[in-house]
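Enquirer: My questions all concern the structure below.
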Amino acid sequence: MDIRLKLYASLGQYLPAGAKQNEATVEVADGETITTLLDRYNVPRDACHLVLLNGVFQAPASRGDKTLSDGDALAVWPPVAGG
C-alpha cells in the first residue's frame, strides 16, 4: 500500500530519491507505524516536532502505535525558532 510522506524544512533531505516539493509516495507494509516508517528513512526522532497523519496531530507517545493505511498522508516538521 502507498502513502504520501511529506517532510518539511531540514527534514526534506531524508526523502527518497525522486521526491518533489518535499513529498514522496512511499510503499508501506501492513502494520507499519509512523515510527517504523520514519526510522526506515533515518529521520531523527528528536527532529520530528510536529507530526500530522491526515491532518491530525500525532503525539510522540502514540507514534509507535499508530499504524498507517493505504492513501494516508503523513506530514512532519522539525522544531522551528523565530521571533
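Enquirer: Let a ≥ b ≥ c be the square roots of the eigenvalues of the Cα gyration tensor of region 35-83; is it rounded (a/c under 1.5), or, if not, prolate (a/b larger than b/c) or oblate? Walk me through the intermediate numbers first.
Expert: Values: a/c = 1.89, a/b = 1.45, b/c = 1.30.
Prolate, because a/c is 1.5 or more and a/b exceeds b/c.
Enquirer: Which whole-number percent gives the relative contact order of the chain, counting Cα pairs below 8 Å spaced six or more residues apart?
Expert: Values: 145 pairs, mean separation 34.6, N = 83.
After rounding, I find 42 percent.
Enquirer: What is the pair-distance distribution P(r) of the chain, computed from all Cα-Cα distances in 10 Å bins starting at 0, with each bin given as a whole percent?
Expert: 18, 58, 21, 2, 0
Enquirer: Out of the total accessible area of the chain (probe 1.4 Å, heavy atoms of protein only), what percent is carbon and sulfur?
Expert: Here it works out to 50 percent.
Enquirer: For the chain, what is the accessible area per residue in Å², given a 1.4 Å probe and the full set of protein chains? Could you put the intermediate results ahead of the total?
Expert: Values: 4860 Å² over 83 residues.
About 59 Å² of surface per residue is accessible.
Enquirer: Three principal axis extents, largest first, for the C-alpha atoms of region 1-46, in Å?
Expert: That works out to 28, 23, 13 Å along the principal axes.
Enquirer: Let me spell out the model: positive unit charges on the Cβ of Lys and Arg, negative unit charges on the Cβ of Asp and Glu, origin at the Cα centre of the chain. What dipole size does that give, in debye rounded to 20? Intermediate results must be reported in sequence, preceding the final value.
Expert: On the way: 7 positive and 10 negative charges, 64 e Å.
Here the size comes out at about 300 debye.
Enquirer: Still on this model: Per DSSP helix of 4 or more residues, -39500 (n - 2.57); summed, then divided by the residues of the chain. What does that give at 222 nm, rounded to the nearest 500? The partial results should precede the final answer.
Expert: Numbers: 1 runs with 7 residues, N = 83.
When only DSSP H runs of four or more count, the value is -2000 deg cm²/dmol.
Enquirer: Of A9, N22, P60, which is farthest towards the positive pole of the chain's charge dipole, taken about the Cα centre with +1 and -1 on the beta-carbons of Lys, Arg and Asp, Glu respectively?
Expert: Projecting each Cα onto the dipole axis, the largest value belongs to A9.
The values are calculated or read from the model by the stated rules, or taken from the named source; none is laboratory data. The shown structure was predicted, so the numbers you read here are calculated from the model rather than taken from an experiment. Positions of Cβ are backbone-derived with ideal geometry, glycine not excepted, and every protein chain shown enters the neighbour counts. These area figures cover heavy atoms from the full protein model, side chains too; ligands, DNA and RNA do not enter into them. Shrake-Rupley method; radii C 1.70, N 1.55, O 1.52, S 1.80 Å.
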